[in-house]
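Remarks on the structure that follows.
The values are calculated or read from the model by the stated rules, or taken from the named source; none is laboratory data. The structure presented is a predicted model; accordingly, all values stated were derived computationally and were not measured. Note that we place each Cβ from the backbone using ideal geometry, even for glycine, and neighbour counts take in every protein chain shown. Calculation scope for accessible area: heavy atoms of the full protein, side chains included, ligands and nucleic acids excluded. Shrake-Rupley method; radii C 1.70, N 1.55, O 1.52, S 1.80 Å.
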Amino acid sequence: MAGNVYARSIVKWDGQNWSSIGEGPENGVASIINNENSTVQSIVYAGGKLFAGGLFSVAGSLEANGIACWDGTKWNTLGAGLLNGLRRYIIVDSDTTITSGYVYQLFAHKNKIYVGGHFHLAGDKPANGVAIWNMDTESWESPEGGFLGTTATDPVYPMPLLPGETVFLSGENSMAAGNKAMQHIAVWDGTTWSKLGEAAGYIYDLDFDSKGNLYAVGYFPAHEAKIVSGIGIWDGSDWKSLEGPAGFESSVNRIEINNDAVYASGYFRNDTTNKVITLARWQNNEWELIRGLGLASNELIYGGVQVMQFLDGKLYAAGTFTRAGDNFLVNVAAWDPEAKVWNKLKDNNRNLGIYDGYINATAKSINGIYAGGSFTLAGNVFAKNVAELTGDGWQPLGKDYENGIRGEIYCLLSRGDTLFAGGHFGSAGSHEAYHIAWWDGTSWHPAGIGVGGVP
């Protein structure tokens, strides 16, 4: 679900509303394998088509092995028949099963789609971890067989990036590209592979600044740097580790470079307080920690960022969080680097559901309906375990962090503008209230001292 739209693993936002990619229950992508969730890990738009890669076996109504494209009207496979797309070997006790490949990243350049992931076949060609889809010939190409790990079936987790005429690719377990030895990263010039220095460890993300310096994210130990960020920089001749913020233990998993500012997501743990911040910016040889991401239900729990993208001067971050600054939302927010504030998407589909919990009871209100249970978000509104749904969307019962009930609600009863709530809790709003409380339309009240004593 995205807003109130049913969408299988991929969805489109037009600035006002969500929409699915394809119509009906067969929109998007899915898996036909029992107990396997479908995922989309990377998308790219090229030649008037949207290419999606991940772990799935169906696109629309077509069987598709890990990759497919949407032409604006329908889903299409990359290649014909059951040999389309990308497939991988699963070997157990010498028995080999061939199943859909797992795509981690896509990049488009000059009518070619570069694909990195965990797979061994592209169409009917051997291609270990990296392959190229030629949009002109509508066929698969294998760059000298791809990456080689310590064994033939090792996943190598390539992360492609394409500046100019060459492709930089890395692999966590990779030992060679084609028939050439490599150290975690190599360069493909369209004809052959070449080595790129001695990268100290595995690499998960790559990006370039305007000066041509290559930034790589993964495992980079400290040589001269006492505080390691997990970011390495290739200056054209050598790798060096980038120091992290002073006083913080750092681990970065993704970067996004905009106007030579490096935005890094991961975790930055304060050595003194142990508090974690999950986003930071490196610019002019200084770190700026970007605070505010976390869980609405618990301020001490940090929220992670998996994807970043700049658009119209704002950094859009997606991950696992339900709070961004003063906003309560679900997993996506926009950082304004000039105003230094978090913004939420203004979604016109306001009658959204309960995302992070469940409802146990409902009751009529004068303007709509009350819902109570165990949750912290009703639509994109922070509401502790109880909220009111009206024609204007969800409303919390109370102000700020003192709204709602601290505990689970099992039953609701309304009479006029008064709402009674019963359950397993010890406070309502800012008042002690043992297991029963009432709302007068403006504030919460205990019913005496309640029932049952301290919960």
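Which of the lysines could a cross-linker span from Lys112 if the Cα-Cα distance has to be under 16 Å and same-chain partners fewer than 8 positions apart are dropped?
Lys49
So how many Å³ per residue does the convex hull of the Cα atoms of the stretch 4-105 work out to?
Output value, Cα hull per residue: 110 Å³.
Give me Rg over Rh for the chain, both radii from the alpha carbons and Rh done the Kirkwood way, two decimal places.
Reported Rg/Rh (Cα atoms, Kirkwood Rh): 1.04.
Between the alpha-carbon centers of the stretch 359-374 and the stretch 12-89, tell me the distance in whole angstrom.
Distance between centres, Cα-based: 38 Å.
May I ask you to give the percent of accessible area on the stretch 349-455 that is carbon plus sulfur, with a probe radius of 1.4 Å?
The computed percentage sits at 53.
Within the stretch 1-63, which GluC sites (Glu not before Pro) sit in a loop by DSSP and count at most 11 neighbouring Cβ atoms inside 10 Å?
Glu23
When we measure straight from the Cα of Lys12, which aspartates and glutamates land under 13 angstrom away, once same-chain ones fewer than 8 places off are left out?
Glu23, Asp347
What is the sum of charges, Lys and Arg at +1 and Asp and Glu at -1, for the other residues whose Cβ falls under 11 Å from the Cβ of Asn65?
Every neighbour counted, the sum reads +1.
Return the Rg/Rh ratio of the stretch 306-451 with Cα-based radii and a Kirkwood Rh.
Taking Rh as the inverse mean 1/r over Cα pairs, Rg/Rh reads 1.05.
Exceeding 20 Å between C-alpha atoms, which entries from my cross-link table qualify? They are Lys275/Lys344; Lys340/Lys399; Lys211/Lys240; Lys314/Lys340; Lys314/Lys344.
Over 20 Å apart, Cα to Cα: Lys275/Lys344; Lys340/Lys399.
Taking the dipole about the Cα centre of the stretch 27-148, with the C-beta of Lys and Arg at +1 and of Asp and Glu at -1, give me whichever of Ala68, Phe147, Ala80 is farthest to the positive side.
In the stretch 27-148, that residue is Ala68.
Per residue, what accessible area does the stretch 5-89 have, given a 1.4 Å probe and all protein chains present, in Å²?
48
What is the distance in Å between the Cα centroid of the stretch 291-324 and that of the stretch 402-455?
If you average the Cα positions of each part, the centres end up 32 Å apart.
With charges only on Cβ, +1 for K and R and -1 for D and E, what is the dipole size of the stretch 307-455 about its Cα centre, in debye, rounded to 20?
Its charge dipole is roughly 140 debye.
Keeping every protein chain present and rolling a 1.4 Å probe, give me the accessible area per residue for the stretch 246-402 in Å².
I get 50 Å² per residue for this part.
Could you work out the local net charge near Gly22, counting Lys and Arg as +1, Asp and Glu as -1, over the other residues with Cβ closer than 14 Å to its Cβ?
+1
Give me the aspartates and glutamates in straight-line cross-link reach of Lys180: C-alpha distance below 19 Å, same-chain residues under 8 apart excluded.
List returned: Glu141, Glu144, Asp154, Glu172, Asp189, Glu198.
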